[in-house]
Amino acid sequence: MLIQLLAIQIVTFIAIIFLLRFLFSRHLKTALDRLNTLHEENLSKEEELNEELKRAKEESKAEVERGKEEAELIIEEAKSGARRTRLALEEEAKAHAEKIVAEGKVEAEKLKVSLAKDIQNQSVELASRMISELLIEADKVALQYQFANEIIEEVSRLPKEQFNVQAKDIKVTSSYPLLDRQRDELKKVLGEKLGGTPEIKEQIDPKLIGGLILNIGGMVIDGTLRNKLQRIIPHLK
């Protein structure tokens with residue numbers, strides 16, 4: 001079953017990639033330029049972080065040197081106890097330097113993760129906007145019905161044990177109303193998974209562009225275009 005699900009996901013990903021490439025054929029350069037710009041901004045910020053780390057290391061090294069010099073003065077001024085004082089100063093300077101470097105690394109990693117997430121979100125938003133602008137109404141309807149069929153097929157392949165929820169009403173959010181046969185098929189599939197005959201409550205959200213979201217007693221299955229893009233775009237490098 002898992003191999004079949006994986007095969008379906010792979011086929012879906014390949015289909016979406018071909019669809020996106022077809023849709024973006026005339027606007028691909030603009031999108032790539034935007035992505036390259038974001039990547040260059042990321043590299044620039046990373047260079048700035050590296051410079052900050054370098055300055056932090058230099059400052060810590062200077063502090064160590066100052067600690068050594070101060071220790072030597074103390075040795076000259078007071079022989080007794082000078083060694084303990086010098087060692088204490090060196091340890092303090094070393095600990096302070098290590099703290100600065102460690103904090104810099106942590107902040108750098110946090111910023112890298114944040115930048116990567118921002119770039120991915122911006123890429124998904126750009127791709128979604130371009131698809132919405134390029135597709136005519138008929139294409140959007142066709143895309144919606146295709147995605148709806150795919151999510152119904154995907155739900156039918158999920159193991160019954162995964163639907164360990166109590167739900168009489170199923171909330172369905174989609175960009176266009178379901179076809180009667182899709183609604184009936186969805187009721188049938190969910191009835192087999194949940195037992196009984198669930199009620200389908202539909203809600204229309206044009207911002208989804210294509211696909212639908214199922215909310216089954218708190219269990220959410222996202223089969224929207226945006227969700228598919230979020231899973232595909234990180235692999236388009």
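The values are calculated or read from the model by the stated rules, or taken from the named source; none is laboratory data. The model shown is predicted, which means the values in this text are computed figures rather than measured ones. Note that we place each Cβ from the backbone using ideal geometry, even for glycine, and neighbour counts take in every protein chain shown. SASA here: full protein model, heavy atoms, side chains in, ligands and nucleic acids out. Shrake-Rupley method; radii C 1.70, N 1.55, O 1.52, S 1.80 Å.
In this simple spin-label model, placing a label point 7 Å from the Cα along the Cα-to-Cβ direction at both Lys160 and Glu70 gives a separation of 7.4 nm. For Leu212, the residues 5 or more places off, or on other chains, whose built amide H falls under 5 Å of its own are Gly223, Thr224.
For region 147-237, averaging the sequence separation of C-alpha pairs within contact (under 8 Å, six or more residues apart) and dividing by the residue count gives a relative contact order of 36 percent. Ignoring ligands, DNA and RNA, what percent of the accessible area of region 119-223 is carbon or sulfur (1.4 Å)? Summing carbon and sulfur atoms, their accessible area is 47 percent of the total for region 119-223.
For region 188-237, the calculated P(r) over all alpha carbon pairs, in 5 Å bins from 0 to the bin holding the longest distance, is 5, 16, 21, 21, 15, 12, 6, 3, 1, 0 percent. Shown is the FRET efficiency for Val141 and Asn50, computed with R0 = 41 Å from the Cβ-Cβ distance and rounded to the nearest 0.05: 0.25.
Each residue of region 164-171 is assigned a 3J(HN,Hα), and the resulting list reads 8, 9, 9, 8, 9, 10, 10, 8 Hz, derived from the Karplus form 6.51 cos²θ - 1.76 cosθ + 1.60 (θ = phi - 60°), x at Gly and Pro. Loop-resident trypsin sites (Lys or Arg not before Pro) (DSSP state other than H, G, I, E or B) in region 138-173 with no more than 14 further Cβ atoms inside 10 Å of their Cβ: Lys168. Protein heavy-atom accessible surface, 1.4 Å probe, per residue over region 127-237: 54 Å². Beyond 13 Å, how much of the Cα-Cα pair distribution for region 44-91 remains, as a whole percent? That tail contains 60 percent of the Cα-Cα pairs. Database remark: amide H of Ile200 closer than 5 angstrom to the amide H of Ile170 (H placed geometrically; neighbours at sequence offset of 5 or more, or on other chains; Pro and chain starts carry no H).
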